[in-house]
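All remarks here apply to the structure that follows.
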Amino acid sequence: MSTDQYNAASELRRVKLRERASWMRKHGATLHAPDPAPFTWDESRACVHFLNITTEGTSITEAISNWIAAALKKTPRRATDGRPICPFNGQPPIGGIPGQRQS
């Protein structure tokens, strides 16, 4: 799991509700609105695909909200305080010895 999904979901949560669809399109998401005259049940669902996560909803707004929830749910969390796990986790760079200054 990359941090791209978490970063995108965090940023998208701060975007105004009416601007979320354009933000996602600008960043490469695929949005499919529900068909106005659906013939089958799946044509009445909106679909969002972004950063390898696909979600559905009864509207684009709901599908985007479901995408945010799915992206945040996939983020690995620390057991102690629930914050997202940092890929560095406080460890020194490769080849570094703890307590030794890197130049």
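The values are calculated or read from the model by the stated rules, or taken from the named source; none is laboratory data. Every value quoted in this text rests on a predicted model; they were computed, and no experiment measured them. Virtual Cβ from ideal backbone geometry, glycine too; neighbours counted across all protein chains shown.
Descriptive notes on the structure:
- Count of residues meeting criterion [part of a helix (DSSP H, G or I) and without any contact (Cβ under 8 Å) to a residue 12 or more places away in the chain] in the stretch 30-52: 3
- Extreme residue, farthest from residue 25 (Cα to Cα), among residues of the stretch 53-68 that are touching a residue at least 24 places away in the same chain (Cβ under 8 Å) and surrounded by fewer than 16 Cβ atoms within 10 Å (Cβ to Cβ): 58
- As a summary of the residue check, residue 76 satisfies the conditions (1) surrounded by 12 or more Cβ atoms within 10 Å (Cβ to Cβ); (2) modelled with pLDDT under 90 except for the one numbered (1).
- Selection of the stretch 11-33 for residues being within 14 Å of residue 66 (Cα to Cα) and of a type in the set (Ser, Thr, Tyr) yields an empty set.
- Pick from the stretch 1-22, criterion of a type in the set (D, E, K, R) and in a helix (DSSP H, G or I), ranking: surrounded by the most Cβ atoms within 10 Å (Cβ to Cβ): 20
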